[in-house]
1. Tell me, which longest segment in the chain has none of the trypsin sites (Lys or Arg not before Pro) that fall in DSSP loops with at most 16 further Cβ atoms within 10 Å?
2. Between Ser134 and Leu13, what FRET efficiency follows from the Cβ-Cβ distance if R0 is 41 Å, with the result rounded to 0.05?
3. Of all accessible surface on the stretch 1-46 at a 1.4 Å probe, what whole percent is carbon and sulfur?
4. Can you list which of the GluC sites (Glu not before Pro) found in the stretch 88-153 are DSSP loop residues with at most 12 other C-beta atoms within 10 Å?
5. How far, in degrees from 0 to 90, does helix 47-56 lean away from the longest principal axis of the Cα atoms of the chain, to the nearest 10?
6. Taking Cα atoms, how many degrees apart are the long axis of helix 78-92 and the longest axis of the chain, rounded to 10 and kept between 0 and 90?
7. For each pair in Lys91/Lys123; Lys56/Lys91; Lys58/Lys123; Lys92/Lys123, compute the distance between the two Cα atoms and list the pairs where it is over 26 Å.
8. Counting chymotrypsin sites (Phe, Trp or Tyr not before Pro) as exposed when in a DSSP loop with at most 16 other beta carbons within 10 Å, what is the longest stretch of the chain free of them?
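The values are calculated or read from the model by the stated rules, or taken from the named source; none is laboratory data. In this text, all values refer to a predicted model and were calculated from it rather than measured experimentally. Cβ: placed from backbone, ideal geometry, glycine included. Neighbour counts: every protein chain shown. In case anyone asks, the SASA skips ligands and DNA or RNA and just uses the protein heavy atoms, side chains included. Shrake-Rupley method; radii C 1.70, N 1.55, O 1.52, S 1.80 Å.
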Amino acid sequence: MSFNLMITHEPGLENYRYVLSILRSIIGNYRVVDAGTSVILLQVDDPYKAVEELRKKKEELSIIYRAIPIDVIVDPYVEIVAEKSAELAEKKIPEDKTYRISLRGRLYWQETRMPAHSLDAIKVIAEKINRQVSLTHPDYVVYIRSVRLYHRKRVATITVTTPDNILSLKSNRP
C-alpha cells in the first residue's frame with residue numbers, strides 16, 4: 001500500500017490515460033498504486049525529484065492540478081496525524097522558520113470515529129508543532145490530505161516541505 005507521490009488532474013478516463021503517458025515520458029519509472037476519479041497515487045524512486053522534473057515541463061501538464069510528494073501515510077485520525085506531523089516538523093523545519101497547515105479531505109477523531117471539523121483538526125495538529133505559524137508567507141507547508149485507498153480504506157498523507165516542492169498548476173482545484 002506504499003505510495004509517495006500524488007497527482008491530481010481533471011476528471012475523466014481520457015485525462016487519466018493522458019496523464020499516465022505524460023508521467024511516463026517525464027519521470028519514467030513509476031508504479032500506479034491506486035487511482036480515483038481525479039487522483040493518482042504513485043510509487044516513484046524520489047518524489048521530490050519527480051516534482052522537480054514535472055515543474056520543468058509544466059507547459060505539457062495542462063490537465064494536471066497538483067503533484068504532491070508524500071513523506072508519510074497514516075490512519076486518518078486527528079491525533080495520529082498531529083503526532084506524526086509534529087515529528088516530521090521537528091526534523092524538517094528549522095526552529096527559526098515559519099509554517100502553515102493545509103488540510104484537504106476529512107480527518108476523524110480516534111475515540112469516536114466521528115468526522116472532525118477542519119478547523120478543529122488544524123488546531124489540534126498546530127498545537128503539537130513547536131514552530132511559528134505564518135498563514136500568508138510560510139517558509140514550510142504541512143500538507144495533509146485524506147484519500148480513499150482502493151475505494152474503501154481512508155488514509156491520511158502528510159508532507160512537510162517548502163511550498164515550492166508542491167507543484168500547484170491550477171489553484172482552487174483538488
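1. 1-56
2. The computed FRET efficiency comes out at 0.50.
3. 49 percent
4. Taking the stretch 88-153 and a limit of 12 other Cβ atoms within 10 Å, the loop GluC sites (Glu not before Pro) found are Glu95, Glu111.
5. 50 degrees
6. 80 degrees
7. Lys56/Lys91; Lys58/Lys123
8. 1-108
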